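As structure tokens, the structure follows; a few thoughts come after it.
The values are calculated or read from the model by the stated rules, or taken from the named source; none is laboratory data. These numbers come from a predicted model, not from an experiment. Neighbour counts run over all protein chains shown; Cβ positions are idealised from the backbone, glycine included. These area figures cover heavy atoms from the full protein model, side chains too; ligands, DNA and RNA do not enter into them. Shrake-Rupley method; radii C 1.70, N 1.55, O 1.52, S 1.80 Å.
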Amino acid sequence: MDSSVRKRVTNADSDQINMSTDLEYENLQDEDGGHRGGWFNKLFSNLSLADDPKMVMKSNRCNRCYLATLLISCLAFLAVGILIGYFVKDNTTPNDNETNPASGLTGQPSVEEAIRKILNRLDKSKIKENLRLYSSDTRMSGTPGGNELVHILEKSWKEAGIDSVKTTPYDVLMSYPNDTHPNKIQLMSGNTVLFESATAEKALDADSNKKTIVAPFNAFASAGVAEGDLVYVNYARIEDFMYLTKNLSMDLTGKVLIARYGKIFRGSKVENAQNHNASGIVMYTDPSDFNMAGEATYPKSWWMPDTGVQRGTVGPDGDFLTPFYPAKDYAYRKTEKDIAEFRIPAQPISYGDAEKFLRELNGVEAPPDWRGKLNITYRIGTGFSNASLRAKLIVNNFEEIRTIYNVIGYIKGSVEPDRYILLGNHYDAWVFGSIDPLSGTAALTEIIHSLGDMLKQGIRPKRTIVFCSWGAEEHGLFGSTEWVEEYMKVLYERSIAYLNVDYAADYNYVLTAGTSPLLQDTLYETTKLIANPDKTSSYKTLYDIWNKRAPGENGEPSVYYSLGSGSDMATFYQRAGVPSVDMWFTYNSDKWPILSYPVYHSAYETIYLYENYIDPDYSYNLAMAQLWSGMAWKLANDDLLKFDVRRYSTAITHFVSNLENKFSKSWHAQNVNIDALKSAAQNLTDSANKFQTYVKSASIKSAIDYRIINDKMIQFERAFIDPEGLPERRIYKHVIFAPSKYDSYSDNDFPGIVDTMFEIESNNVVDKWDQLKQQVSIATFTIQSAANTLDDVGL
């Protein structure tokens with residue numbers, strides 16, 4: 001190598017080296033013409049090229065100077081970086097979408113700004129268009145009308161511009177009436193038919209005259225003939241049967257029963273009748289519950305006419321043939337002969353037809369609280385005043401496997417795509433379904449179009465939003481149950497909330513909401529952002545008018561925690577442990593203490609009914625769309641979820657206190673360990689208070705900090721899920737809230753305990769005490785486990 005090169009390097013200062021780096025990397029070569037590897041290799045090669053010891057010493061001194069300069073420069077750059085990071089962090093706030101590490105895309109509007117955009121975009125005229133289209137034909141799952149609506153929804157959702165839309169098919173066992181051999185109940189004298197119930201509802205307008213209307217029936221009621229004496233059993237509740245069998249010493253074996261609809265799930269009525277060895281049961285809508293005002297009826301009002309019939313399933317939740325697992329094409333299926341849920345025929349009839357049978361009954365007069373508003377003397381039976389008369393119930397339902405579909409839409413989250421907020425409503429209806437469910441379906445589609453417009457403006461939620469339109473809900477929550485079973489593993493780990501709207505409004509008066517305690521604050525906060533839909537009221541917000549018309553405790557609107565299994569939130573809440581809410585607008589129950597809106601599940605639930613009596617200007621439907629989408633956006637974008645675990649601990653403490661007040665004497669006599677249960681509840685209270693204090697005071701510096709806290713709150717609900725399920729009802733796994741064994745429409749607090757105590761006290765089943773002790777032990781363990789999940793480590 002040329003010595004001049006060596007000299008230039010050894011005599012140059014650090015600035016000269018930095019300035020000539022590129023050049024020297026290009027020109028410095030070995031004797032064979034190869035590159036040495038740049039100035040850094042050249043620097044250290046000088047030690048070996050210099051022969052003079054003085055030159056070596058001089059070179060070493062220069063090298064040390066250069067390294068020192070390089071180190072100082074690096075430290076200076078590091079210091080500048082630290083200062084920049086400090087001042088950026090110092091100006092960051094948890095709610096600042098521009099700089100917050102959890103906020104995702106820059107330039108996004110704040111949560112409340114985005115919600116205002118959504119609320120302003122929602123258009124009630126579009127909701128009206130949707131509802132008119134959807135309810136223009138009958139929409140039962142597994143029929144042409146139901147399948148047509150699937151295609152309508154799929155097409156509209158794709159046009160909205162959300163990320164993806166798909167349909168999910170399931171092959172489930174469905175139940176239908178026989179068109180050629182309709183169901184009926186006959187009043188017989190010998191072989192002569194004196195009276196026969198109508199096999200179809202009388203056409204009262206153009207809609208109720210359509211040929212696609214499915215005849216009244218109870219899905220999954222067994223086909224068969226029941227014939228014999230008739231007995232009136234009130235609402236066919238457990239207490240009604242106790243009155244008949246204990247107070248009146250009646251044997252109901254082989255009897256045909258007639259019961260009022262209401263109070264409990266119709267399937268529970270059939271089960272109770274079956275358990276008392278009845279041969280069949282007929283159910284009707286008494287005017288005391290569905291036309292209590294005695295006013296003009298549909299189409300002149302919203303009250304049920306005497307020709308109206310309430311359809312409905314009597315089956316359990318989910319596909320009969322694939323319990324616990326999704327009804328996919330690869331699924332193992334039980335045979336139909338293995339299904340033992342229902343073994344007796346059942347059929348609904350109108351109150352006009354029911355009167356013909358009840359008028360002829362013999363026996364004692366019914367107690368005052370058993371009497372409805374038919375113009376008759378209510379008697380119990382058995383049999384008729386004319387001993388030659390008998391009742392003959394004929395049911396020709398059939399079951400077959402048919403494919404049902406869900407429509408599922410997605411907006412992928414920008415920051416946490418693996419965390420989900422789900423909005424759900426079913427699209428299937430017994431007939432036209434202008435209220436149930438299509439008022440909700442119309443709102444859901446408009447929400448999807450609104451959020452699709454947000455995407456087009458570059459506004460995307462941080463977490464994934466999933467839109468769900470369920471099939472075959474009316475037959476037994478089939479669509480949602482099979483979907484949850486298919487995706488249980490993922491939903492259990494990643495779901496934040498499920499927001500259910502079975503229907504938007506059945507009247508225009510007040511909001512009703514059942515909720516997990518964890519979603520209560522988000523629900524309240526969102527209602528404060530929405531205008532009062534009652535324009536005749538001076539109250540400004542939905543929250544204000546709700547609190548006025550349905551006041552609860554602590555100055556807040558009334559909610560209920562027991563969601564039951566009357567709609568699609570059931571499987572999410574009871575089995576997957578996903579915090580859920582179910583909400584709708586309804587009537588003033590103080591003015592009308594009726595059991596549901598009057599024309600429920602009848603052919604008279606038409607668009608004419610909705611637009612003339614339920615929500616004429618669609619203001620309440622719009623308010624529901626705003627509430628639904630507003631809650632979803634908050635849950636999908638709040639950096640820190642508004643889950644207050646203290647609401648749960650307060651509720652559980654209250655429930656435990658109720659158990660002690662009600663059962664302490666008998667429990668102590670049987671050595672039931674209530675003290676451990678109380679101790680666990682107190683531990684949960686302490687942990688919840690400590691956790692909530694930490695959340696409020698926590699210095700959250702990164703997205704992972706939010707994630708850790710949010711995940712604890714999400715998993716808190718799951719802590720109340722027992723994998724083994726409830727006694728004799730493994731399908732229900734929530735230890736705190738689950739449907740009553742004797743009425744799946746309503747929940748019990750501590751259902752395993754309460755149902756067992758009911759059996760002990762009502763049926764004097766003394767061998768259930770060990771089961772009761774086990775259920776108290778499970779509840780104790782579950783509550784303590786929930787407390788552990790809130791601790792820093794938890795082990």
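For region 685-694, filtered to residues that are surrounded by 15 or more Cβ atoms within 10 Å (Cβ to Cβ) and of a type in the set (Ser, Thr, Tyr), the residue that is nearest to VAL793 (Cα to Cα) is SER687.
Summed over region 596-618, residues that are modelled with pLDDT of 95 or more and either out of contact with any helix residue (DSSP H, G or I) (no Cβ under 7 Å at 6 or more places or on another chain) or open to solvent by 10 Å² or more (accessible area, probe 1.4 Å) (or both) total 14. Out of the residues in region 779-795 meeting the condition of being part of a loop (DSSP other than H, G, I, E, B) and hydrophobic (A, V, I, L, M, F, W, C), tell me which one is farthest from LEU726 (Cα to Cα). The residue in question is VAL793. Residues in region 123-146 that are open to solvent by 50 Å² or more (accessible area, probe 1.4 Å) and in a helix (DSSP H, G or I): LYS124, SER125, LYS126, LYS128, GLU129, ARG132, LEU133, PRO144.
Rundown of residues vs (1) in a loop (DSSP other than H, G, I, E, B); (2) free of Cβ contacts under 8 Å to residues at least 24 places away in the same chain; (3) more than 20 Å from ASP179 (Cα to Cα); (4) of a type outside the set (Lys, Arg), yes/no style:
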{"position": "ALA221", "(1), (2), (3), (4)": "yes, no, no, yes"}
{"position": "VAL225", "(1), (2), (3), (4)": "no, no, no, yes"}
{"position": "VAL231", "(1), (2), (3), (4)": "no, no, yes, yes"}
{"position": "GLY262", "(1), (2), (3), (4)": "yes, no, yes, yes"}
{"position": "GLY267", "(1), (2), (3), (4)": "no, no, yes, yes"}
{"position": "ALA273", "(1), (2), (3), (4)": "no, no, yes, yes"}
{"position": "ASP289", "(1), (2), (3), (4)": "no, no, yes, yes"}
{"position": "ALA296", "(1), (2), (3), (4)": "yes, yes, yes, yes"}
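Within region 434-486, the set of residues being of a type outside the set (Val, Ile, Thr), farther than 16 Å from ALA114 by Cβ, outside any helix (DSSP H, G or I) and out of contact with any strand residue (DSSP E or B) (no Cβ under 6 Å at 6 or more places or on another chain) comprises SER434, ASP436, LEU477. Annotation: of all residues in region 695-724 being assigned to a helix (DSSP H, G or I) and among the aliphatic types (A, V, I, L, M), the one that is surrounded by the fewest Cβ atoms within 10 Å (Cβ to Cβ) is ILE704. If I filter region 532-541 for residues that are touching a residue at least 24 places away in the same chain (Cβ under 8 Å) and either among the small types (Gly, Ala, Ser) or in contact with a Pro (Cβ under 6 Å, 6 or more places away or on another chain) (or both), do I get at least one hit? Among the residues of region 532-541, not one is touching a residue at least 24 places away in the same chain (Cβ under 8 Å) and either among the small types (Gly, Ala, Ser) or in contact with a Pro (Cβ under 6 Å, 6 or more places away or on another chain) (or both), which makes the answer no. Pairs under 8 Å by beta carbon, first residue assigned to a loop (DSSP other than H, G, I, E, B) in region 390-401, partner open to solvent by 60 Å² or more (accessible area, probe 1.4 Å) and not aromatic (Phe, Trp, Tyr), six or more apart or different chains? So the pair list comes out as ASN396/HIS181; ASN396/ALA223; ASN397/ALA223.
One residue stands out among those in region 247-295 that are of a type in the set (Ser, Thr, Tyr) and over 32 Å from the mean Cα position of the chain (by Cα): the one that is most open to solvent (accessible area, probe 1.4 Å), which is SER249.
Close Cβ contacts (under 6 Å, 6 or more residues apart or on different chains) running from residues in region 357-373 that are in a loop (DSSP other than H, G, I, E, B) to residues that are surrounded by 17 or more Cβ atoms within 10 Å (Cβ to Cβ) and among the hydroxyl-bearing types (Ser, Thr, Tyr) comprise ALA366/TYR378; ARG371/TYR378; GLY372/SER288; LYS373/SER288.
Could you go through region 676-684 and let me know if any residue there is at pLDDT below 95 and open to solvent by 40 Å² or more (accessible area, probe 1.4 Å). No; the residues of region 676-684 include none that is at pLDDT below 95 and open to solvent by 40 Å² or more (accessible area, probe 1.4 Å). Could you give every pair whose Cβ atoms fall below 7 Å, whose first residue belongs to region 637-651 and is among the small types (Gly, Ala, Ser), and whose second residue is part of a loop (DSSP other than H, G, I, E, B) and at pLDDT below 95, counting only separations of at least 6 or pairs across chains? Hits for this filter: ALA651/TYR561.
Selection over region 320-354 of residues that are under 21 Å from PHE217 (Cβ atoms) and crowded, with 16+ Cβ neighbours inside 10 Å gives a count of 15.
State yes or no: is TYR405 assigned by the TED database to the domain that holds HIS475, hydroxyl-bearing (Ser, Thr, Tyr) and open to solvent by 10 Å² or more (accessible area, probe 1.4 Å)? Spelling it out, TYR405 is indeed assigned by the TED database to the domain that holds HIS475, hydroxyl-bearing (Ser, Thr, Tyr) and open to solvent by 10 Å² or more (accessible area, probe 1.4 Å). Condition (residue is in contact (Cβ under 8 Å) with a residue 24 or more places away in the chain and over 34 Å from the mean Cα position of the chain (by Cα)) applied to region 152-160: is it met by at least one residue? Scanning region 152-160, I find no residue that is in contact (Cβ under 8 Å) with a residue 24 or more places away in the chain and over 34 Å from the mean Cα position of the chain (by Cα), so the answer is no. Only one of the listed residues (ILE731, ILE736) is under 19 Å from VAL581 (Cβ atoms), among the aliphatic types (A, V, I, L, M) and under 19 Å from the mean Cα position of the chain (by Cα). That residue is ILE736. Looking at region 697-718, is at least one residue aromatic (Phe, Trp, Tyr) and in contact with a Gly (Cβ under 7 Å, 6 or more places away or on another chain)? No: region 697-718 contains no residue that is aromatic (Phe, Trp, Tyr) and in contact with a Gly (Cβ under 7 Å, 6 or more places away or on another chain). Residues that are touching a residue at least 60 places away in the same chain (Cβ under 8 Å) and of a type in the set (Ser, Thr, Tyr) within region 239-260 comprise just one, TYR243. Annotation for region 549-568: at least one member residue is touching a His at 6+ places or on another chain (Cβ under 7 Å) and either assigned by the TED database to the domain that holds LEU499 or open to solvent by less than 10 Å² (accessible area, probe 1.4 Å) (or both).
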